[in-house]
1. Using 7 Å Cα-to-Cβ label points, what is the GLU39/VAL143 separation (nm, one decimal)?
2. So what is the 222 nm mean residue ellipticity for the chain from helices alone, if each DSSP H run of at least 4 adds -39500 (n - 2.57) and you divide by all residues, rounding to the nearest 500 deg cm²/dmol?
3. Under the rule of at least 5 residues apart or a separate chain, name every residue whose amide H is placed under 5 Å from the amide H of ASN129.
4. Only bridges with both residues in the chain count here: give the DSSP antiparallel percent, nearest 5.
5. What size of dipole, in debye to the nearest 20, comes out for the chain about its Cα centre when the only charges are +1 on Lys and Arg C-beta atoms and -1 on Asp and Glu C-beta atoms?
6. What do the square roots of 5 times the Cα gyration tensor eigenvalues come to for the stretch 26-158, in whole Å, largest first, as semi-axes of the equivalent ellipsoid?
7. What does the highest-first list of 10-20, 65-75 look like by mean Cβ count within 10 Å?
8. Enter the Cα centre distance for the pair the stretch 28-56 and the stretch 70-132, rounded to the nearest angstrom.
Amino acid sequence: MNDLPFWKSKTLTEMTAAEWESLCDGCGLCCLNKLEEWESGDIYFTSVRCKLLDGESCRCSSYENRWDFVPDCVQLTKENVPEIAWLPPTCGYRLVSEGHDLYWWHPLVSGDPETVHAAGISARGRTINENEIDIDDLEDYVVDWPLTVGEDKDDPED
């Protein structure tokens with residue numbers, strides 16, 4: 001019998017739907033507006049969130065019907081995760097796809113959905129809704145914090 005957690009013993013394509021969904025740590029970073037530099041292909045995160053992302057819970061306010069309001073919302077799938085270059089380095093989907101373990105603050109490891117926020121990884125409290133800005137000013141909101149891991153993979157209290 002395998003005693004490893006599923007994210008260490010299965011590939012993304014081998015996971016059940018429930019396992020797949022549980023890889024989301026609830027950080028909200030994938031719902032931040034991003035800019036892409038045409039010539040280099042470099043991606044820049046902004047502190048501007050999708051109009052459907054709740055800035056405190058970091059959850060979509062209309063997940064099941066999001067395409068009715070945001071037609072270009074990108075759904076992460078087992079097939080497309082390896083091709084999505086803008087997933088932050090802390091993303092559970094990206095980490096597992098690349099053969100890495102989850103960080104100590106991931107809810108699957110910590111057992112607590114609040115640790116992603118306590119560790120300072122999430123977008124909680126640091127974003128503005130896209131409806132509150134002029135989209136032409138998006139470059140004024142470029143930030144680097146979604147690309148930083150912050151803590152070591154080990155819990156600093158250990």
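Here, each number is a calculation from the coordinates, and none is a lab measurement. For clarity, every value in this text was computed on a predicted model and none was experimentally measured. In this analysis, Cβ positions are derived from the backbone assuming ideal geometry, glycine residues included, and neighbour counts consider all displayed protein chains.
1. Modelled inter-label distance: 2.8 nm.
2. Rounded to the nearest 500, it is -3000 deg cm²/dmol.
3. Here the answer is ARG49, since their amide H atoms fall under 5 Å of that of ASN129.
4. Percentage antiparallel, nearest 5: 80.
5. 480
6. Sorted largest first and rounded, they come to 24, 17, 16 Å.
7. Highest to lowest by the protection proxy: 10-20, 65-75.
8. 12
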